[in-house]
Amino acid sequence: MLSILGGVIFLLMIPVLRESPRWLFCHSKKATAVQNIQFASKINGLPSHVIKNVEDDIFIPSTVQTGQESVLRFLRYPRLVFVTATFYLSTMANVLLYYMLKFSAENISSSPYLSCWLLAASDLPSALLIHLCTRFDRRLVNFCTQLTAIIFCYFCCAEEIRLVSAVLCMAFAAISFNYVYLYLAEVYPTTMRSRITAGCIAVGEIGGMLANPLVLTVEIWDVLPFLITSSIAVQTLFYELYFD
């Protein structure tokens, strides 16, 4: 019922949402795009003289205006393909780590309710740590947080520290997951960024789909989900070592 309520609230908010100015510009709807920019500027408290002449100042390259820019052009650059594949694999690994532990709540401790609450609470410190980590090198933070998550996933094999390790694993996996999207925004040009990000989300969904079957392997051996998941995730680190 709560999920349905959230969907209903979102549907009621859709008429209030405004279209993306960039999409409007690309489809020759400049007047509406300028109105949306001016509305956003007003909401954010920008002075009126900053946006007064925005319609005259905006220049739209012909490639963007006609929509001829294609993500497929990046296939001509092998290094960029490798970087994209690394982002995708990292996202899938982090989602797999996160949701495998989320779905394993009843197997992590003797109290499923305690496990659910603590695993859910792991998102709070991860959200705070992300802001602190933005001061450091993107590649280093992404590599270290994912490596730490994998290590704690291995520690989940020890029943005595399984709950603590699971909470820490989820927290660091969440940091690495969010850091990938922060990294994406800075690597790709605007014309490609949205499509690459959408592909990254789609690949991440694969990790979510794999998580549930992995949880069922607990019936074979109680530590098998943790071993398989961490073994899959650790392979992405080898790609990140060559990423620059």
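The values are calculated or read from the model by the stated rules, or taken from the named source; none is laboratory data. Predicted model only: the values in this text are computed from it and were never measured. Counting neighbours? That spans all protein chains shown, and the Cβs are built from the backbone with ideal geometry, glycine included. For accessibility, only protein heavy atoms count, side chains too; no ligands or nucleic acids. Shrake-Rupley method; radii C 1.70, N 1.55, O 1.52, S 1.80 Å.
Things to note:
- All helices (runs of 4 or more DSSP H) inside the range 120-220 with 2 or more residues being open to solvent by less than 10 Å² (accessible area, probe 1.4 Å): 138-155, 162-187, 190-216
- Listed conditions (1) open to solvent by less than 40 Å² (accessible area, probe 1.4 Å); (2) assigned to a loop (DSSP other than H, G, I, E, B) are all met by S110, apart from (1).
- For beta carbons closer than 8 Å, sequence separation of 6+ or different chains, a first residue in the range 218-229 that is over 19 Å from I151 (Cα atoms) and a second that is open to solvent by 40 Å² or more (accessible area, probe 1.4 Å) and at pLDDT below 90, the qualifying pairs are V218/N107.
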